[in-house]
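Structure record follows, encoded as structure tokens.
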Amino acid sequence: MKFDTVITGGGLAGLIAGISLQKEGRSTAIVSSGQNALHFFSGTFESMKESPARLQEILSEAGIRANYADGVRLMPMGTFRESALSLEDISLFEKPAFARKALIVNFMGYHDFFFSFIADGLQKEGIEARVRFLRLPEMEHLRQSPSEMRSVQIARIMDRIWEKVVQEIRLLLKDDDAVILPQVFGLQDISVPGRIREALPAKVVFVGTLPPSVPGLRTQMQLRRRYETLGGTFLMGDEVKSAHIHEGVVHSVVTQNLGNHYLEADSFILATGSFFSKGLISTPESVYEPIIGLDVNASDDRNTWYNPDFAGKQPYMDFGLVTDDDLHPFKDGEPIKNMYAIGSVLGNTRPELGTGAGAAIRSAFKAVDSILSKA
Amino acid sequence: MKIQEKTVSPHNFEECMKCTICTAYCPVLQANPLYPGPKQAGPDGERLRLKDPYFFTNSLKYCMNCKRCEVSCPSGVHVADLIQAARIKYDKSAPKLRDRILASTDFMGTLARPFAPIVNGVTSLGITKTVLDATLKIDHNRTFPKYSAHGFEGWLRRHSKEQAAFPEQVAYYHGCYVNYNFPQLGKDLVKVLNALGVGVQLLDGEKCCGIAMITNGMSESARKNANHNIAVLEKAVDSGLNIIATSSTCTLTIREEYPELLGADNSKVKDSLLLATRYIFEKLEKGAQLKFRSDFHIKVAYHTPCHMEKLGWGVFSEKLLRMIPGVEFTLLDSNCCGIAGTYGFKKENYLVSQAVGAPLFEQIKTVNPDVVACDCETCKWQIEMSAGYKVMHPVSILAQALDI
Amino acid sequence: MKPNEFDIIIIGGGITGAGTQRDCAMRGLRTLLIEKSDISTGATGRNHGLLHSGARYAVNDAESAEECIRENMILRRIAAHCVDETDGLFITLPEDDLAYQATFVESCRKAGIRADIIDPEEAKRLEPSVNPDLIGAVRVPDGSVDPFRLCAANMLDAKIHGGQVRLYTEVTGFIREGDTIKGVHTRNVQTGEEQDFYAPVTVNAAGIWGHKIAEMAGVNVGMFPAKGALLIFAHRINNMVINRCRKPSNADILVPGDTVCIIGTTSTRIPFEECDDVAVTPDEVNLLISEGAKLSPALMSTRILRAYAGVRPLVSADNDPTGRNISRGIVCLDHEERDGLKGFITITGGKLMTYRLMAEMATDTVCRKLGIDKKCETADTPLPGSEEKSYKEVAQTIWENPSMAQKSAASRLGTRASRLHVNDKYEDSLICECEEVSVGEINAAIERMDVTTLTDLRRRTRIGMGTCQGEFCACRAAGLLAKAHGCIERERADLNNFLTERWKGNFPIGWGDTLREAEYTQWVYKHVLGI
């Protein structure tokens, strides 16, 4: 099959690149070996401290509402983090002391929401906090499984019965000016978090839980749907195994499922992620890129990869592909002229692009612009 | 190999990162809390089963083998295979009579076909369904597939001379559905391939692919069929033929389940077994031409069968349908229809089946197509029964659209 | 007797201390066990988990071999829920001397150890993961034992018989009157609280730290710390213990235990200063994998879970200060006889699986000093939880149709699983999905097993011992612990410590899937949770 651009990796970077190119009338395919890190998305686009029009257009066309405001957001362990562009689900505050009294509501027997840590974090900021538990008959059937009282399964039920939950919360409210809820609302129906906010006479703050992330899953579905509506071909559950390169130019890639039906394209984008998604592979002696064997900036001395302090920065998380200023990766010191590396496969080799989601978005736009300029 | 250069484990289970993504995509978990879920039944459970087979639990039978966990796994763990392999290895209970009946499609087909009109009449009767529900626990809500009085093999044999005249030849693995229930699909395939200058032959004695036997505790019978089919396919390959199949499930079973679950070596034939829509698409991509009717207008909604999703070849069926002028095409959201082969016929699974497929049926009704396109026969039964829309194989739509 | 007065004080909460407390308590003594950290944090918690048949020592140390096989048989009876009766193989590889096998078998039989020569093909059938190139195999009654479970069960039995335990309590000095030890000064390391305890006899069962304890008491016991490194693989590759049939050397035992298997070990002398913070070196990692692969080639390509090292307390024979003359076997020192110091004995040397015999020797000595004439009954009385041999029977009895998690609880708790709230959906909810540990099991451990930290919990329930190494279960369990002791700040620190401890064991083998898992853990804790 022939496309204008083939993108390897269906995470945030790959999807943003794919959507951008499709919008400009290019034909693209995204090959994704499984679902992506958006499933662990906190809801905040890290290191995006602005909301560029180009990004807003893509997000809003996909039905995703995101805002930026200076300040902080409340994290699942009761800590506060500097804000960045965030999904509408996430509340951004000017300062940590965002309320006087907070009512934290959890579901009975839900262990993935850390209400006691949140209460502690709030109290440290001078916010009075109390915790109450809901026990709803609709959730009892989830309890039959010892392992399924988890965010996504709860969210599926919440899409149906959120109004009942709101009623229960009203009964619990006293003079609290904030209500803290686990982020298990709005999986399929994106309007639910907003409607809960409207229905309660207090600031409603949705705080994350252990993965999978409900807003992350939803965002991923929205971006994918947008990409496919624009005519993109999304090949889910397939893996790019190798590429045909001739004189510094990639002609096609070979995938696990399509075998000898190669994917040909004029340009290629590598958005394969870091170690978790196997964009980079580590052995006791080296770190390498598995599809083409691209140059990686990683030490061969394994002892330098780690910081023994778990809480400290980990050197291996900075490893990434060596690229030139146009994001062309290198193979044996030579740039591949029609390939671009974007997202976390870059590691921290391009600090000017930011980190995390910010790096994914900026690098995606950069690669897309370069591809479009070569038309 | 250098120390620890890579990781090797059955079905890649040790690569599991415990990320829980598979649990978000398992259609059974959404409907049945008695199912431990792909993570618990798969990689979590495997470590315990390696310690002691005692840790195997029968609740693994609720797995539909839809492979959606595998498709979504970022680590490449063959979760569904792990679960099915555990069932094959540790579940020593004898399959119930009902499961044997449901799984023995060749046997039932051969018996029923000569009496097709009577059988079809009887199985549509309410009283029959009530009796089957009470005795065998086959849910009374289920509609039974109709048997065809005339088999496909007989028809193709009658036309073998004219088929042999075509410059290019392929063999056709038709599977149970085409042969016993719906030979029209086989005829449609022949029509389309002939239009491409390709003649169609039968294989030398194919048997049921065995997927239902694998999931119903009859792995020994499945293995016998697998070895037989591989030999038959090898014979075709040796005489220079590619083998085309129209059923996405039969294709996945022969390509993947044979080596992964039955330990049957299909390396000589795997890459020669091609799904019809992929084969036709590749031919057209390489320059072959098909002439389409100018008066053919149809609104088509394409449903990707779970096994097609796993094969990753839904893109071929989709692109093929989009090529037909006059087709108004909608790609339905990827959602399991719920029948999972023989699974949905069983009384204890019926409600779960229907709950799983509900979002799909809803979407179909909203889209309101003229026809739903789908490559899998059991999806067809499920959608026709539960959504009330006609389902056609992409090849059949193609055949109808041809100007011949 | 006043509340801080006892018949005997035992210093050290490893298997030796716990076993001694059990024996003393069963003989009617009022006992107090003091431990500076948590149970089994010394060599007890950092060994191979091997229930020796004794075959390894048969050729060179017949006495140890005989001791081992006798205790092996006893532990199978009294510690059923802590022991996995796997049997073992001693394999001869093409590069080994097959003639050694005959000597080996002869020595085993002399020591009373069943040793059956089996055909290599039979060995492969019994243990499919064994090196297929083997040219000889002998089957012996090796097994595996869970040291945490064993230690906890002994301490529990001591408590049932009236014993008291003070964990996280450090001995800071001895109360000495002339040439008699009358008691100990202690300090709680978590609260800082100081307290004195009195007893006519104090037992030094502090493993390698016994050297310092003895010094504090004013006597010298020559000890030489010897570090042993081991690797845990992510899942069970073998179901029988696999050994090399040759002179014992490094990395030549692969032991299956619970959901994992462990390859070990090495032996390197280290200075005392390093005892509290031993780490596994890259050379040790390479050695363990490459030598271990000779036992089972799968080790070359199986995911490694963690690397850890323990410190053996080697005791010098005849007080030889050079460390060249190491005492084999159990060392029980009555300091009154040896050094003229009354009221103090040291019990050390030995190995994990001869703990019961060590405890018997120590208790006999204690009773002699106290003028108590009671026989040891520890060899014939099952530990709490081990009354029923098969955990399958246990699970079936408690739950009609046990789930995977319930079966798992039965395998860990034995008969005491019946104390969990049966069929309570809230209690059945899983905290650790890798090892199937429920809310109920964790709450029971917090309530009844002296748990104060996540690592304590890990030792008693196996949370965090699976492949995710605490990624999810750690913060879930932190929530439960915070609820129990009410201090979030403390729990935050606890969570950090727990994760740091896990990381310490991961980065020495930080490549492949282990590194992927570590990256994911970093992501979850830092970006998603904001720890």
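Each reported figure results from applying straightforward, stated rules to the coordinates on display, with no laboratory input. These numbers come from a predicted model, not from an experiment. Here Cβ is always computed from backbone atoms with ideal geometry, including for glycine, and neighbour counts include all displayed protein chains.
What is the percent of Cα-Cα separations in the range B:115-219 that go past 24 Å? Write out the running numbers ahead of the final one.
On the way: 2243 of 5460 pairs.
Across the range B:115-219, Cα pairs with separations above 24 Å total 41 percent.
Which peptide among C:1-9, C:454-462, B:162-170 comes first, and what is the full order, when sorted by highest mean count of other Cβ atoms within 10 Å?
Working: C:1-9: 16.6, C:454-462: 25.6, B:162-170: 13.9.
Result, highest mean Cβ count within 10 Å first: C:454-462, C:1-9, B:162-170.
Our coupling estimate for the range B:58-75, obtained by passing each phi through the Karplus curve with A = 6.51, B = -1.76, C = 1.60 and θ = phi - 60°, is 5, 5, 5, 5, 6, 5, 8, 6, 7, 6, 5, 5, 5, 5, 8, 5, x, 9 Hz, Gly and Pro reported as x. Scanning chain B for DSSP H helices at least 20 Å long along the axis (C-alpha atoms) with a Kyte-Doolittle mean no lower than 0.0 picks out B:347-367.
What number do you get for chain B when its Cα radius of gyration is normalised by 2.2 N^0.38 Å, N = residues? Could you put the intermediate results ahead of the total?
Values: Rg = 21.1 Å, N = 404, 2.2 N^0.38 = 21.5 Å.
Taking the Cα Rg and dividing by 2.2 N^0.38 Å, one obtains 0.98.
Along the axis of the charge dipole computed for the protein assembly as shown (Cβ charges of +1 for Lys and Arg, -1 for Asp and Glu, origin at the Cα centre), the listed residues C:T180, B:T277, C:S438 are led at the positive end by B:T277. Among A:S145, A:S267, A:S83, the largest mean-square fluctuation in a Gaussian network model of chain A, built with springs joining Cα atoms closer than 10 Å, belongs to A:S145.
How would you classify chain A from its alpha-carbon gyration tensor, with a ≥ b ≥ c the square roots of the eigenvalues: rounded for a/c under 1.5, else prolate if a/b is greater than b/c, otherwise oblate? If you can, show how the numbers build up before the last one.
Details: a/c = 2.11, a/b = 1.82, b/c = 1.16.
It comes out prolate by the Cα gyration axes.
Evaluate E = 1/(1 + (r/R0)^6) for C:D364 and C:R77, where r is the Cβ-Cβ distance and R0 equals 25 Å; express this FRET efficiency to the nearest 0.05.
The value I calculate is 0.75.
For helix A:115-124, what angle does its Cα long axis make with the longest principal axis of chain A, in degrees from 0 to 90 and rounded to 10? Between the helix axis and the principal axis of chain A, the angle is about 80 degrees.
In terms of its C-alpha gyration tensor, the range B:10-90 has an oblate overall shape, because the principal axis ratio a/c (a ≥ b ≥ c, square roots of the eigenvalues) is not below 1.5 and a/b does not outweigh b/c. Shielding value for A:228-236 is 3, the average number of Cβ atoms from other chains within 10 Å of each residue's Cβ.
Rank by packing, highest mean first: peptides C:257-264, C:245-252, with packing defined as the count of other Cβ atoms within 10 Å averaged across residues. Kindly include the intermediate steps, with their values, before the conclusion.
On the way: C:257-264: 25.2, C:245-252: 17.9.
Packing order, densest peptide first, comes out as C:257-264, C:245-252.
Treat every Asp and Glu Cβ in the protein assembly as shown as -1 and every Lys and Arg Cβ as +1, leave all other atoms uncharged, and give the resulting dipole magnitude about the Cα centre to the nearest 20 debye.
3060
In chain C, the DSSP-assigned H stretches of four residues or longer account for a calculated mean residue ellipticity at 222 nm of -11000 deg cm²/dmol, using -39500 (n - 2.57) per stretch and the full residue count as denominator. Peptide B:224-231 has a mean shielding of 0, counted as Cβ atoms of other protein chains within 10 Å of each residue's Cβ. Seen against the Cα atoms of chain A and their longest principal axis, helix A:356-373 is set at about 40 degrees.
When only alpha carbons are used to place a centre, the range C:325-357 and the range B:1-59 end up 48 Å from one another. Cα centroid separation, the range C:48-69 to the range B:363-392: 70 Å.
To the nearest whole number, what is the average tally of beta carbon atoms from other chains within 10 Å of the beta carbons of peptide B:308-318?
Mean shielding count: 4.
Under a Gaussian network description of chain A, with springs only between Cα atoms under 10 Å, the residue in A:N260, A:N348, A:N297 that fluctuates furthest is A:N260.
The label-point distance for A:H251 and A:D300, in a model that sets each label 7 Å from Cα toward Cβ, rounds to 3.2 nm.
If packing is taken as the average number of other Cβ atoms within 10 Å across a peptide's residues, how do A:222-228, A:35-41 rank, most packed first? Don't skip to the answer; put the middle values down first.
On the way: A:222-228: 21.0, A:35-41: 25.6.
The packing order, highest mean first, is A:35-41, A:222-228.
Couplings 3J(HN,Hα) for the range A:210-225, derived from phi with the Karplus relation 6.51 cos²θ - 1.76 cosθ + 1.60 (θ = phi - 60°), are 5, x, x, 8, 5, x, x, 4, 5, 4, 4, 4, 5, 5, 5, 4 Hz, where x marks Gly and Pro. Measuring from centroid to centroid over Cα atoms, what is the spacing of the range A:311-375 and the range A:243-261 in Å? Each part's Cα centre sits 21 Å from the other's. Spin-label model, B:A134 to C:K374: label points 7 Å out along the Cα-to-beta-carbon direction sit 6.9 nm apart. For chain C, the Cα gyration tensor yields ellipsoid semi-axes of 33, 31, 23 Å (square root of five times each eigenvalue, largest first, whole Å). The sum of -39500 (n - 2.57) across all DSSP H runs of n ≥ 4, divided by the residue count of chain B, sets its helix-only mean residue ellipticity at 222 nm to -13500 deg cm²/dmol. For chain A, the mean residue ellipticity at 222 nm estimated from helices alone is -8000 deg cm²/dmol, where every DSSP H run of n ≥ 4 contributes -39500 (n - 2.57) and the total is divided by all residues, rounded to the nearest 500.
Name the residue farthest towards the positive end of the dipole of chain C from the options C:G192, C:M1, C:A226, assuming +1 on Cβ of Lys and Arg, -1 on Cβ of Asp and Glu, about the Cα centre. Of the candidates, C:M1 comes out farthest on the positive side.
If only the Cβ of Lys and Arg carry +1 and only the Cβ of Asp and Glu carry -1, the dipole of the range A:64-210 around its Cα centre is close to 200 debye. Relative contact order, whole percent, for chain C stands at 17, derived from Cα pairs under 8 Å and 6 or more residues apart.
Considering only A:D318, A:D89, A:D332, the mean-square fluctuation computed in a Gaussian network model of chain A, springs between alpha carbons under 10 angstrom, is largest for A:D332.
For the range B:10-90, what is the relative contact order in percent, using Cα pairs closer than 8 Å and at least 6 residues apart in sequence?
Relative contact order of the range B:10-90: 41 percent.
Between A:S370 and C:A99, the simple label model (points 7 Å from Cα in the Cβ direction) yields a spacing of 7.0 nm.
A cut-off of 5 Å between modelled amide H atoms, ignoring neighbours fewer than 5 places along the same chain, links C:C261 with C:F233, C:H235, C:I237. Shape analysis of the range B:291-401 places it in the prolate category; the axes a ≥ b ≥ c from the Cα gyration tensor give an a/c of at least 1.5, with a/b above b/c.
For the protein assembly as shown, state the average projected area of the convex hull of the C-alpha atoms over all orientations, rounded to one decimal in nm². Numbers along the way, then the final one.
On the way: hull surface 211.0 nm².
Hull-based average projected area comes out at 52.8 nm².
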